1. Across 10 Å bins from 0, what is the distribution of all Cα-Cα pair distances for region 7-63, in whole percents?
2. At what distance in nm do the modelled label points of residue 39 and residue 13 sit from each other, each positioned 7 Å from its Cα along Cα→Cβ?
3. Stretch residue 54-residue 29 to full length: gain in nm at 0.36 nm per residue minus the Cα-Cα span?
4. Of the peptides 27-35, 8-16, how do they stack up when ordered by the mean number of other Cβ atoms within 10 Å, highest first?
């Protein structure tokens, strides 16, 4: 059985600490403790903590290299046409 991600996660680059806790199967307080100790990678934006989705999914064992890019590639970086 392949694990599935919740629909609310689709396309998000960051989520809240409690949402990360939900994905990890831990409570809100435990999620904030894990963020404080660095067990969950976080970004501090002013007084707000957010969790980048890609490192969290990697922590959970998802192959994040298979996810589709969110933005189209820069045409200047595209490989030459054959």
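Values in this text are rule-based calculations from the coordinates and carry no lab data. Treat the numbers as computed from the prediction; the structure is a model and nothing was measured. In this analysis, Cβ positions are derived from the backbone assuming ideal geometry, glycine residues included, and neighbour counts consider all displayed protein chains.
1. All Cα pairs, binned at 10 Å, distribute as 25, 61, 14, 0 percent.
2. 2.8
3. Extra length available between residue 54 and residue 29 comes to 6.8 nm.
4. Order by mean packing, descending: 27-35, 8-16.
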